[in-house]
1. So, in nm, how far is label N461 from label E259 when the simple model puts each one 7 Å beyond its Cα toward the Cβ?
2. Which value at 222 nm does the chain reach when only helices count, each DSSP H run of 4 or more adding -39,500 (n - 2.57), with the total divided by all residues and rounded to the nearest 500 deg cm²/dmol?
3. Among M36, M334, M275, what is the fewest-to-most ranking by other Cβ atoms within 10 Å?
4. Which ³J(HN,Hα) values in Hz, rounded to whole numbers, follow from the phi angles of the stretch 125-141 under the Karplus curve 6.51 cos²θ - 1.76 cosθ + 1.60, where θ = phi - 60° and Gly and Pro get x?
5. For D153 and E171 in the same chain, what is the full-extension length gain: residue separation times 0.36 nm, less their Cα-Cα distance, in nm?
6. Listed highest first by mean packing, meaning other Cβ atoms within 10 Å per residue, what order do 256-264, 475-483, 41-49, 298-306 come in?
7. Once phi is turned into ³J(HN,Hα) by the Karplus curve 6.51 cos²θ - 1.76 cosθ + 1.60 with θ = phi - 60°, what whole-Hz value does each residue of the stretch 457-466 show in order, with x for glycine and proline?
8. So for the stretch 105-279: antiparallel DSSP bridges make up what percent, rounded to the nearest 5?
Amino acid sequence: MYKYFILLTALSLGCNSTQRSINENNALPAGPPDVMSFASTITEEELKEHLFTYASDDFQGRETGSEGQKKAVNYLKEAYASMDIPAAKGDAGYFQNVPLELRKLPVGELSIGGQSYSNGNGYITFRSGEGTYNEIVYLGYGIDTKQYSDYKDSELDGKIILVRSGEPQNEDGTYLLTGTNEPSKWSNMSEAIGKRLEAAQAHGVKAVLYADSGNYSRYMRYFNYMKTNNSGQMSLKTQEDGPQLILLEDRLADSLYPELMESTENKVIATEIKMDIRSKNEEVLSENVAAIIRGNTFPDEYLIISSHLDHIGVNSKGEINNGADDDGSGTVAMLEIAEAFKLAEKEGVGPKRSVVFLHVTGEEKGLLGSQYYTDFEPIFPLEKTVANLNIDMIGRIDPKREGDRNYIYLIGSDKLSTELHELSESVNKRYTNIELDYTYNDENDPNRFYYRSDHYNFAKNNIPIIFYFNGTHADYHRPGDTPDKINYDLLTNRSRLIFHTAWEVANRDKPVVVDKASK
């Protein structure tokens, strides 16, 4: 799970070994013989064998770009090769190189109207920037859609803009973009910045000064963490080409343009602004791993099953964070699911649609591997990608569910496709009978898990998703997340649920319908 904005639980778990097994004898309910027989090949023994290797000390916590991460990607490559599952990139191999870089906190000054400010004092930025400008263009909300645009009739190539949070409302209080009482994604804290930066980049903007008190507080915590720990921010190297984001504290935003929160009219602010902000960048070499089983009826339609292969490495005390649950559990589940699909193919009943097994890097650094796949180098066309099933932590028990353990949290299944949600429910009732808990699917969930794992980069492209998650626990992002604490009966049953769901999505006569496209 993406580590910087999660609340760590202080609750401890009881011993897993005393808990009742869900499938003590790997017993399966009655059902279509072929599908059930393939699902039965997903076993506790094989999951355990994989995970005790993948989350061992030899992999040193799989820190992105580290030697341990290289062992991880090679383990996955060899596993797929041994199962005779081809590389998604064909002759180019199983690896998709993801260009990353590690940036230290920038130092220097931002001068506005002759007044100088240091990074973290009035503003926050995580990127370097240099130059002198004679004006700032206030652009209201900084929204750019077919329905409403703050960019109309504005020539902004190479300029600096000032924008504010929020979005326009009608006289009756409804939101203009949605026509309802619910705001659009332009007001969503987790998406507001990205959408504004995308709009600014499309218009050639050099830098975005963004007034958003909620996100300023959020990123100030991250800023202080980096400053205290002398750590860097890892990012996609390709992001360097886009506009620089500068988050403004309220007092600086108000002094720059006192009418900021009242006016939505574009205005040129004549003031000198100088940027002399520098940071040191280090190249990081990392990879996604992708394999594919080709569909026999609709080979050019793709279901993507994903999990992240990385973790957080070794802590300052020299202790290894093995990441058995996060996300070793999702990783080994994918290997077993892939094997089940491959056995089906060998029996002549392979999937109608192509099934892609995508292990992504950089999730712990900000969903970077999945972002690179969706935003920069999709191996397969996004418009032909019918769904994404993302697996991130499915081997443990949320302390809130102790004693009621046969569950899985599902997030996002109904966000874009009613059909996918109904299919998921039906499959579970037919095959696995797990309690599907939608606690974290609530739009108002303060944890915002929907935005914090790799499925989000598919969802933002209107690709239906399901995120499978067991919740956090006392060992989350700590050395205690070891393979001996995994509930392998739960991991087996949850993996079978995902296999059956993937089987249904891949073998439908028609792709699941997107009936709730994001705005």
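No value in this document is a laboratory result; all are computed from the given coordinates. Everything quoted here is computed from the prediction, not taken from an experiment. Every residue, glycine among them, receives a Cβ derived from its backbone with ideal geometry; neighbour counts consider all protein chains shown.
1. In this crude label model, N461 to E259 measures out at 4.2 nm.
2. Numbers: 11 runs with 133 residues, N = 519.
It comes out at -8000 deg cm²/dmol, rounded to the nearest 500.
3. Working: M36 15, M334 29, M275 22.
Least crowded to most crowded, the residues run M36, M275, M334.
4. Each residue of the stretch 125-141 in turn: 9, 10, 10, 7, x, 9, x, 10, 9, 9, 7, 10, 9, 7, 10, x, 7 Hz.
5. Numbers: separation 18, 0.36 × 18 = 6.48 nm, distance 2.48 nm.
Extra length available between D153 and E171 comes to 4.0 nm.
6. Numbers: 256-264: 14.8, 475-483: 20.3, 41-49: 17.4, 298-306: 22.8.
Per-residue Cβ counts within 10 Å, averaged per peptide and sorted highest first, yield 298-306, 475-483, 41-49, 256-264.
7. Residue by residue, the stretch 457-466 yields 5, 7, 4, 5, 9, 6, 9, x, 9, 10 Hz.
8. Numbers: 23 of 35 bridges.
Here the antiparallel bridges make up roughly 65 percent for the stretch 105-279.
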